[in-house]
Amino acid sequence: MSPQPLKVAMIGGGAGAFIANPHQKAIHFDGTRKVHAVALHPDPEVAMNEANNWPYPVKGYASYDELFEDQAKLPENERIDYVVIVTPNFVHFDPAMKALELGIPVMCEKPLTVNLEEADLLVAKAREKKVPFAVAHTYLGHWSSWFSRHIVQSGLLGDVRWVDSYYLQGWLADKLEDSGQMQAEWRTDPKKAGGSGCGGDIGTHALMQLRFVTGLDVEEVSARLDKFVPGRPIDDHFTTYGKLSNGGKCLVRASQICIGHKNDLGIMIAGTKGALKWSQEDPEKVTILLQDQPDRTYWRGQVCANDGFLGDVPQWLLDEPTIPSGHGEAFHDAYARLHREFEKDVRAYQAGEPWSCDGSTYANIDDGRMGLAFIDACIKSDDDDGAWQPVSKS
Ligand SMILES: NC(=O)c1ccc[n+]([C@@H]2O[C@H](COP(=O)([O-])OP(=O)(O)OC[C@H]3O[C@@H](n4cnc5c(N)ncnc54)[C@H](O)[C@@H]3O)[C@@H](O)[C@H]2O)c1
């Protein structure tokens, strides 16, 4: 008999919200998870109206405090199975902490918190309570991110010397926040976004892509946080030169003033034997370049177990249970893959079985904290005219 779908609560996601919608689709993608409860807005009346207008029946709460108070009264086996936090950055810490206190697994949007102090507190609580915790770095959920990780770690490219990991957008090239645009307003307010605007918002995605695919950490940074749009109190352009944990170097860069760029996230990894290129706007294709050889581009479904060039490709990469290749996967599939992987750990946690949440298929709370440690070091470096700063480890 198939297991009951996991009951998921969403915090944030009322009318006009952006990322709640892809999460909602991803939760329902496999039929094994469903949105069960919602706390959608800071205003209790709006929150209830929006819950009542949800496209299918859900339990609405006037606030996330009310949601957690209600959960606390229920026996553990009747509670929600995990909570998804899709609020602006300054409303991540409090609901995440309240969920952890109750032993409820959390998938939180990135960046994990608005500062490193809050991130450290969450890490300590998650360790104390031993609860699965995911940070929604969407792009790790692409099959091509997993494949790239396998290629780098197989040694095909040799030792990693240089990585250019970038995320370029153009939507904040003008002072959009002055129009009242909801997403721009809080992202350009340091109290709501955190100490770095562009860096926290999308630089952390570029960082996480680098860390996930190469398995390396950025240990020291020399950073410049630029504010190109006059009157904006927070960076809209972010450039970091970094030292990698294997002695290599990297550039982690992000921008929201590059007109015409939509969600131009990509990575180029240069090793001692070859290089790899990937771009999320063409997310199924990974190009591998070796010295004196033709460029080779691979995509899902086209890789086989004993490819003469790639060597042995692990069966788990080939067996990925998705639609047959040739039917393109993209952003929503990547989100679904994060929820699918997180579901495995949540079910094991509930059954009292071993679970890993080890960062190998989705970003965990330590990865989320590394994002904040990186941003913290970049802000200090920028304040000190680009001087090298260590990225703190927990
Ligand atoms: N992983 C990704 O690719 C990705 C993409 C976009 C946004 N994000 C992250 O997702 C989060 C949300 O971003 P967004 O662009 O969807 O924001 P948004 O402004 O579109 O939506 C935020 C939602 O949170 C609700 N909200 C605010 N305060 C609340 C509270 N106290 N209680 C309940 N609900 C509350 C708002 O009503 C709204 O529904 C941010 O942390 C952002 O960095 C991640």
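Tell me yes or no: at least one residue of region 28-44 is among the small types (Gly, Ala, Ser), touching a Ser or Thr at 6+ places or on another chain (Cβ under 8 Å) and surrounded by 21 or more Cβ atoms within 10 Å (Cβ to Cβ).
Yes.
If we keep just the residues of region 268-290 that are out of contact with any helix residue (DSSP H, G or I) (no Cβ under 7 Å at 6 or more places or on another chain) and not in a strand (DSSP E or B), which is nearest to Leu157 (Cα to Cα)?
Once the filter is applied, the top-ranked residue is Lys273.
Please enumerate the residues belonging to region 180-201 that are assigned to a helix (DSSP H, G or I) and within 10 Å of the ligand (Cβ to nearest atom).
Taking region 180-201 as the starting set, the residues that turn out to be assigned to a helix (DSSP H, G or I) are 182-187, 190-193, 198-201.
Met182, Gln183, Ala184, Glu185, Trp186, Arg187, Lys192, Ala193, Gly200, Asp201 - these are the residues of region 180-201 that are assigned to a helix (DSSP H, G or I) and within 10 Å of the ligand (Cβ to nearest atom).
In the list Thr239, Thr204, which residue meets the criterion of being part of a helix (DSSP H, G or I), in the same structural domain as Trp171 (by TED's automatic domain parsing) and either polar (S, T, N, Q) or touching a strand residue (DSSP E or B) at 6+ places or on another chain (Cβ under 9 Å) (or both)?
The conditions single out Thr204.
Can you find a residue in region 247-262 that is within 15 Å of Trp146 (Cα to Cα), touching a helix residue (DSSP H, G or I) at 6+ places or on another chain (Cβ under 7 Å) and assigned by TED's automatic domain parsing to the domain that holds Ser148?
Checked region 247-262: no residue is within 15 Å of Trp146 (Cα to Cα), touching a helix residue (DSSP H, G or I) at 6+ places or on another chain (Cβ under 7 Å) and assigned by TED's automatic domain parsing to the domain that holds Ser148.
Just checking, how many residues over region 336-394 are among the hydroxyl-bearing types (Ser, Thr, Tyr) and farther than 30 Å from Glu78 by Cβ?
First pass over region 336-394, keeping only residues among the hydroxyl-bearing types (Ser, Thr, Tyr): 349, 356, 360-362, 381, 392, 394.
Now restrict to residues that are farther than 30 Å from Glu78 by Cβ: 360, 381, 392, 394.
Selection size over region 336-394: 4.
Quick check on my filter: what residues within region 247-262 are closer than 14 Å to Trp171 by Cβ and crowded, with 16+ Cβ neighbours inside 10 Å?
Filtering region 247-262 down to residues closer than 14 Å to Trp171 by Cβ leaves 254-262.
Matches in region 247-262: Ala254, Ser255, Gln256, Ile257, Cys258, His261.
From the list Phe133, Phe147, exactly one residue is closer than 16 Å to Thr361 by Cβ, in the same structural domain as Thr87 (by TED's automatic domain parsing) and either without any contact (Cβ under 8 Å) to a residue 60 or more places away in the chain or of a type outside the set (A, V, I, L, M) (or both). Which is it? Spell out how you get there, then give the answer.
Details: Phe147 fails: in the same structural domain as Thr87 (by TED's automatic domain parsing).
On inspection, the qualifying residue turns out to be Phe133.
Do we have Ala37 as in a strand (DSSP E or B) and outside the structural domain of Met208 (by TED's automatic domain parsing) here?
On the way: in a strand (DSSP E or B): yes; outside the structural domain of Met208 (by TED's automatic domain parsing): yes.
So Ala37 fits the description; yes.
If I ask for residues that are surrounded by 19 or more Cβ atoms within 10 Å (Cβ to Cβ) and at positive phi, which ones from region 349-366 would you list?
Residues satisfying the conditions are Cys357, Gly359.
Could you give me the residue pairs with C-beta distances under 9 Å whose first residue belongs to region 1-30 and is under 25 Å from Asn77 (Cα atoms) and of a type in the set (S, T, N, Q), whose second residue is assigned to a strand (DSSP E or B) and more than 7 Å from the ligand (Cβ to nearest atom) wherever it lies, and which are 6+ apart or on separate chains?
Here the result reads Gln24/Met10; Gln24/Val35; Gln24/Val84, each pair linking region 1-30 to a residue that is assigned to a strand (DSSP E or B) and more than 7 Å from the ligand (Cβ to nearest atom).
The values are calculated or read from the model by the stated rules, or taken from the named source; none is laboratory data. What you are looking at is a predicted structure, and each value in this text was computed from that prediction instead of being measured. No Cβ is skipped: glycine too gets one built from the backbone with ideal geometry, and neighbour counts run over all protein chains shown.
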